[in-house]
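Accompanying notes for the structure given below.
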Amino acid sequence: MRVCIVFDSKRGATRQIVQWMVEALEEMEGIEVVARGPEGTEPFDYDLLVIGSPIYFERPMKSMSEFVAAQASSMHYQRVAVFILGWAKCLYQSAEKHIEKSYFGPLVKGFSNELVSTHMFRGWIRKKDREQENESKDWILRVARMV
């Protein structure tokens, strides 16, 4: 199975989550994984496309929203999983609808039939959140098994 993780990172937490995902996938037999930024236009001939973005000012990074908008037609039949990093779950008690609409919305539009999974990880500022390491590895392995 071929997996492509497209992401952007501002302060490094998203990049770390992706690194942990790549490590987990590389341990699985028969999986080829590529991780890259949103720039450029590469053909998306993958079994699974994973899109990731941190949340800043209540929105995914502009680079990732623009990537999805620009590439949506070429990824129409792609199996897609989307993850975000943010603090909303920690700060708001009933944030699910807000997270779904404002955070995931710009990254999942156009993928309703192809969307395999979405997940929100808790972000961090200075020290790596090691709880997120296990969570990111578990999530990406569950997603890979679904595909």
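The values are calculated or read from the model by the stated rules, or taken from the named source; none is laboratory data. Please read all numbers here as calculations on a predicted model, not as lab measurements. Neighbour counts are summed over all protein chains in view; Cβ atoms, including those assigned to glycine, are modelled from backbone coordinates with ideal geometry.
Here's a check for you: in segment 50-65, which residue that is out of contact with any helix residue (DSSP H, G or I) (no Cβ under 9 Å at 6 or more places or on another chain) and at pLDDT 90 or above is surrounded by the fewest Cβ atoms within 10 Å (Cβ to Cβ)? For segment 50-65, the residue satisfying everything is Lys62.
Just checking, how many residues over segment 12-49 are in a loop (DSSP other than H, G, I, E, B) and either surrounded by 16 or more Cβ atoms within 10 Å (Cβ to Cβ) or within 16 Å of the chain's Cα centre (by Cα) (or both)?
8
Looking only at segment 94-130, filter to residues that are among the acidic types (Asp, Glu) and in a helix (DSSP H, G or I); which one of those is modelled with the lowest pLDDT? Reasoning before the result, please.
Taking segment 94-130 and keeping what is among the acidic types (Asp, Glu), we get 96, 100, 114, 129.
Keeping just the survivors that are in a helix (DSSP H, G or I) gives 96, 100.
Numbers: Glu96: 70, Glu100: 75.
Here the residue is Glu96.
Among the residues of segment 82-93, are any of a type in the set (Val, Ile, Thr) and at pLDDT below 80? No, segment 82-93 contains no residue that is of a type in the set (Val, Ile, Thr) and at pLDDT below 80.
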